[in-house]
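Before any comments, here is the structure.
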Amino acid sequence: MASQIRPLGELIDEATTAFEKRFGSKPTIGARAPGRVNLIGEHTDYNDGFVFPMALPMVTVIVGNPTTSGVCRVETLSVSTDEPWYTEFSVDDIKPGKPKWCNYVKGVAAQMPGKLTSFDAVIVSSVPLGGGVSSSASVEVATYTFLEQICAEGADIPLIEKILKCQKAEHVFAGMPCGIMDQFISMMGKEGHALLIDCRSQIGRLVPMSNPDVVVLVTNSNVKHELTGSEYPTRRKQCETAAKVLGVTSLRDATELDLEATRERIEESEQAKKGEVDKETFCRVRHVITEIKRTDQASAALEMGDYERFGDYMVASHNSLRDDYEVSCKELDQLVEFALEMKDEGVYGSRMTGGGFGGCTVTLLKASAVDKVIKHMDTKYTASGRKATFFVCPPSDGASYLDLPA
Ligand code: GAF
């Protein structure tokens, strides 16, 4: 059975009750921002390529009030570790530190345009933590959307600047050199649509996904490998080095090059002779080039309602992430394999989603097949000694303000 996704009202009630208990008054300001699932276009955002995510119905909610104390007091009810749930920091001295969960809040607070107003807030989230579906971006975007209601200049800047500020919060305060996808979709997602984002022009195009006979299944492998933190910056560096070797600004510019010629240029470059190019670099480049093209073609296929073709692109994407980019893991490969065993029952395609090394897979399938497919995947994954969690996810809205009960 698919897991229930907690309704927004329940999250607001929980956050409001906790706020009253902690701070002794009712919160008057609120915001929500979703997690995301990427349908295709993985590790292409920091290469100026295309990505094709949709916003999830799982959201981070933040409620609170402005204060005049100059001290920000924040509590979270959604924390995966044994870190404290409550922390304080001064508006005049915002630095990354512990607890880790608060760095996403502090990082955004430090980026607010104009003078930061201090605040009390409570955060609660239904986005699976560490599941590769952007729980951190949802906290950043929810925090910005909350703070722009209490900081005079926060709402006045263009949306793309808000997105870039949230991305910078992640770079500087969480030390994760992410691309722009997660914050972009969390801010700009729209119910019933996926969003084709051109990460070079930073422009998104909404693609309707409103066929009730076709659904998106997000499956959490419930594993997270330690590699996540170190391997992402390594992949990014390999791409940047390769772009330099090829004499292009980013690998997006390499999509027109012939793959074999590209291999020769990389392998015979001065940098390769000096040992500055890793032996895997060409495979990384091949993933990025083919994935950028696949994403463009796959979004067109989805727009035409050609789900079979879209599914084939998903599978090609997974294989490339597994073999060339090497960011998959045994559990994700198994979940994809189990989903694809149900092709005759109505599965169009399946792949790992997000940064990799654990987290979730995304599967596109016929609505009529959902129960059977979940049962099959669940049985086989359980037999392998693990437990997965399944969510049927309609494409949902990006960030918004909340009307809190008076
Ligand atoms: C993570 C990053 F935050 C994104 O920017 C993106 O690079 C993704 O991994 C891989 O596609 O979610």
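Data for the structure
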item	result
Conditions (1) surrounded by 18 or more Cβ atoms within 10 Å (Cβ to Cβ); (2) closer than 20 Å to residue 8 by Cβ: number failed by residue 72	(2)
Single residue of 167, 183 found to be closer than 18 Å to residue 40 by Cα, in contact with a Cys (Cβ under 7 Å, 6 or more places away or on another chain) and of a type outside the set (A, V, I, L, M, F, W, C)	183
Some residue of the stretch 268-275 being assigned by the TED database to the domain that holds residue 334 and in contact with a Pro (Cβ under 8 Å, 6 or more places away or on another chain)	no
Residue in the stretch 260-269 that is more than 14 Å from the ligand (Cβ to nearest atom), over 30 Å from residue 56 (Cα atoms), polar (S, T, N, Q) and surrounded by fewer than 20 Cβ atoms within 10 Å (Cβ to Cβ) present	yes
Hits in the stretch 283-305 - residues which are more than 18 Å from residue 46 (Cβ to Cβ) and either exposed (fewer than 15 other Cβ atoms within 10 Å of the Cβ) or without any contact (Cβ under 8 Å) to a residue 60 or more places away in the chain (or both)	297, 300, 301, 304, 305
Residue 155 in a helix (DSSP H, G or I) and either closer than 18 Å to residue 220 by Cβ or not assigned by the TED database to the domain that holds residue 32 (or both)	no
Residue match in the stretch 142-155 (condition: touching a residue at least 12 places away in the same chain (Cβ under 8 Å), touching a Phe, Trp or Tyr at 6+ places or on another chain (Cβ under 7 Å) and within 13 Å of the ligand (Cβ to nearest atom))	no
Pairs where the first residue, in the stretch 6-23, is closer than 12 Å to residue 126 by Cα and the second is among the basic types (Lys, Arg), C-beta under 9 Å, 6+ apart	8/32; 11/32; 12/32; 14/6
Residues satisfying the stated conditions in the stretch 368-406, i.e. under 18 Å from residue 54 (Cα atoms) and out of contact with any Leu (no Cβ under 8 Å at 6 or more places or on another chain)	394, 395, 397, 398, 399, 400
Within the stretch 373-385, tally of residues that are in contact with a Gly (Cβ under 8 Å, 6 or more places away or on another chain) and over 15 Å from residue 216 (Cβ atoms)	0
Tally, over the stretch 189-215, of residues that are under 13 Å from residue 55 (Cα atoms) and either surrounded by fewer than 21 Cβ atoms within 10 Å (Cβ to Cβ) or more than 16 Å from the ligand (Cβ to nearest atom) (or both)	8
Members of the stretch 21-38 found to be in a strand (DSSP E or B), away from the ligand (no atom under 11 Å from the Cβ) and among the basic types (Lys, Arg), listed by number	32
Residue that is nearest to residue 61 (Cα to Cα), among those in the stretch 156-179 that are within 16 Å of the ligand (Cβ to nearest atom), of a type in the set (A, V, I, L, M) and in contact (Cβ under 8 Å) with a residue 40 or more places away in the chain	169
Hits in the stretch 39-93 - residues which are assigned to a strand (DSSP E or B) and within 16 Å of the ligand (Cβ to nearest atom)	39, 40, 50, 51, 52, 53, 54, 55, 56, 58, 60
Qualifying helices (runs of 4 or more DSSP H) (wholly inside the stretch 296-406; at least 1 residues being touching a strand residue (DSSP E or B) at 6+ places or on another chain (Cβ under 9 Å) and within 16 Å of the ligand (Cβ to nearest atom))	307-323, 330-340
Members of the stretch 198-248 found to be modelled with pLDDT of 95 or more, among the small types (Gly, Ala, Ser) and in a helix (DSSP H, G or I), listed by number	242, 243
Members of the stretch 163-204 found to be among the charged types (D, E, K, R) and over 16 Å from residue 36 (Cβ atoms), listed by number	165, 168, 198, 200
Residues located in the stretch 265-291, provided they are acidic (Asp, Glu), modelled with pLDDT under 95 and assigned to a helix (DSSP H, G or I)	267, 270
Condition met for residue 67 (among the hydroxyl-bearing types (Ser, Thr, Tyr), more than 30 Å from residue 197 (Cα to Cα) and modelled with pLDDT under 95)	no
Options 358, 398, 385, 346; residue that is buried (at least 20 other Cβ atoms within 10 Å of the Cβ), more than 30 Å from residue 147 (Cβ to Cβ) and small (Gly, Ala, Ser)	358
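Rundown of residues vs (1) in a loop (DSSP other than H, G, I, E, B); (2) more than 15 Å from the ligand (Cβ to nearest atom), yes/no style:
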residue	(1), (2)
98	yes, yes
108	no, yes
122	no, yes
138	no, no
183	no, no
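The values are calculated or read from the model by the stated rules, or taken from the named source; none is laboratory data. Computed from a predicted structure; not experimentally measured. Virtual Cβ from ideal backbone geometry, glycine too; neighbours counted across all protein chains shown.
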